[in-house]
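In what follows, a single structure is set out as structure tokens and then discussed.
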Amino acid sequence: MLNEELLSDEVSVQLKESIALGNQQAFKQLYQQFSKRLIYFARSIVKNEDAAFEIIDDVFIKVWRNKENICDIKNLKVYLYKAVKNTALNYIAQHANKNITDPFDFIDIQLKDELSPEQQLISREIHLKIDTAVNCLPPRCKMVFKLVREDGLKYKEVAEILNISENTVDAQMVIAVQRISQAVRSEFSFFPSKLRKV
């Protein structure tokens, strides 16, 4: 049985090796580690919960079928996000008969409402202002913000998943933080009257 510590955000070499050897328990651990976030990610693209589950199942079935090659994947977390993104975009293209030029145009990201004890200290009014500011972000900006802040991905990983540069990720995060700061600035007397240029 694999240790629980192997279920950190990074996929361990030992876990990948176990999957490559056909260990179903190791594969189940991988699924449990990432499925919830990936379903949420897929749903934000296809806007359909059933389709999101179908997409995740397809991705993990492909991973299992090609398990012998899993150790060759340098960053399995990024690989899974990219596979979900590509499968979701293919789903949209097949079911909507749309030409996808910029997939971010139709993505609707809803950030989770699960609040940590620290976040619960924020007044309801401030939380609503933050929520409104996040929901008013352009789709690409909102997607980047969600992947960085909520899913805890690094800028480099987000850039690879969304096929954009790290500089673009950084620029989108600056926009998001500035807009959110502007939305709540009046609630805090210690905010400067003008945002510093980044």
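Coordinate-derived values only; no laboratory data. Not measured: the values here are computed from a predicted model. Positions of Cβ are backbone-derived with ideal geometry, glycine not excepted, and every protein chain shown enters the neighbour counts.
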Links that overshoot a 28 Å alpha carbon limit, given the list Lys16/Lys156; Lys47/Lys74; Lys85/Lys154; Lys62/Lys156; Lys129/Lys154: Lys47/Lys74
Using a 10 Å cut-off on Cβ atoms, rank the peptides 89-95, 40-46, 168-174 from the highest mean neighbour count down. 40-46, 168-174, 89-95
Multiply the residue gap between Gln14 and Lys62 by 0.36 nm, knock off their C-alpha separation, and tell me the result in nm, one decimal place. 15.3 nm
Apply 1/(1 + (r/R0)^6) to the Cβ-Cβ distance of Leu21 and Glu166, taking R0 = 30 Å, and write down the FRET efficiency to the nearest 0.05. 0.30
Assuming a viscosity of 0.890 mPa s and a temperature of 25 °C, what translational diffusion coefficient in µm² per second does Stokes-Einstein assign to segment 4-102, Rh being the Kirkwood radius over Cα pairs? 175
Protection proxy ranking of 31-37, 157-163 - average other beta-carbon atoms within 10 Å, highest first: 157-163, 31-37
